[in-house]
Amino acid sequence: MSRDSSFLLWLLTFLLSLRVLGQVIVFIWGPRWLPPMEQWHSGIVPYRTMLPTQIVVLVLMSWAAADFSRGAGAFVEPKWKAAWTIVWFSYVYAGGMVLRYVIRMAKRPDQRWAGGTIPIVFHGVVAAFLWVFGRYHAYL
C-alpha cells in the first residue's frame, strides 16, 4: 500500500516544487510568460521568510515520498494514533482554502475565476498530500 501512495505523494511534491520554482523565477527574472509576483504571493508572509519555509516543506514531502517508495523509514512506520488527526486536518486545511477562494472572489470580482489563486491551489496540494499520508496510516 505504501507504494500505491508513493506515486501520489511524489506527484503532489512535484507540483509544489513547480510552484516554488516558478515563484523563484518570477522573483529573480520576472518573465512575462509567467504570472506576476502578486499572483504567486499573497504578501501576508514576506517572501524572504516564505521561501525557506517552502523549501523545508518540500524536503519533508520528498523525504516522506522517498520512504513510501522504499516501503521503509520514519514516514511509513505506523502512526495510527495521529492518522485520523492528519486526515481531519487535511479536510480543515482544504476547506479553509475553499473559504479563502470564496472570500477572495467576493472581494475581488475583477479577478474571477483564477486571479490570485496560485497560493490557494498549492495550499490545496499540501492538503492533498496530508490526506494521502493520513489515509495510508489510518488504514494500516
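Values in this text are rule-based calculations from the coordinates and carry no lab data. Since we're looking at a predicted model, the values are computed, not measured. For neighbour counting, all protein chains shown are included, and Cβ atoms are generated from backbone atoms with ideal geometry for every residue, glycine included.
How do Met37, Met97 line up, fewest other C-beta atoms within 10 Å first?
Met37, Met97
Trp33 to Ala74: extension gain in nm, 0.36 nm per residue of separation minus the Cα-Cα distance?
Fully extending the segment from Trp33 to Ala74 adds 10.7 nm.
How large is the dipole of the chain about the Cα centre if only Lys and Arg carry +1 and Asp and Glu carry -1, each at its Cβ, rounded to the nearest 20 debye?
Dipole of the chain, to the nearest 20 debye: 260 debye.
Run the helix sum for the chain: -39,500 (n - 2.57) per DSSP H stretch of 4+ residues, divided by residue count, reported at 222 nm to the nearest 500 deg cm²/dmol.
Result for the chain: -25500 deg cm²/dmol, rounded to the nearest 500.
Measuring from label point to label point, each 7 Å out along Cα→Cβ, what is the Ala114 to Val102 span in nm?
Going by the 7 Å Cα→Cβ label model, 2.4 nm.
What is the fewest-to-most order of Leu16, Leu11 by other Cβ atoms lying within 10 Å of their Cβ?
Neighbour counts put them in this order, fewest first: Leu11, Leu16.
What nm distance separates the two modelled labels at Val24 and Tyr91, each placed 7 Å from Cα along Cα→Cβ?
In this crude label model, Val24 to Tyr91 measures out at 3.6 nm.
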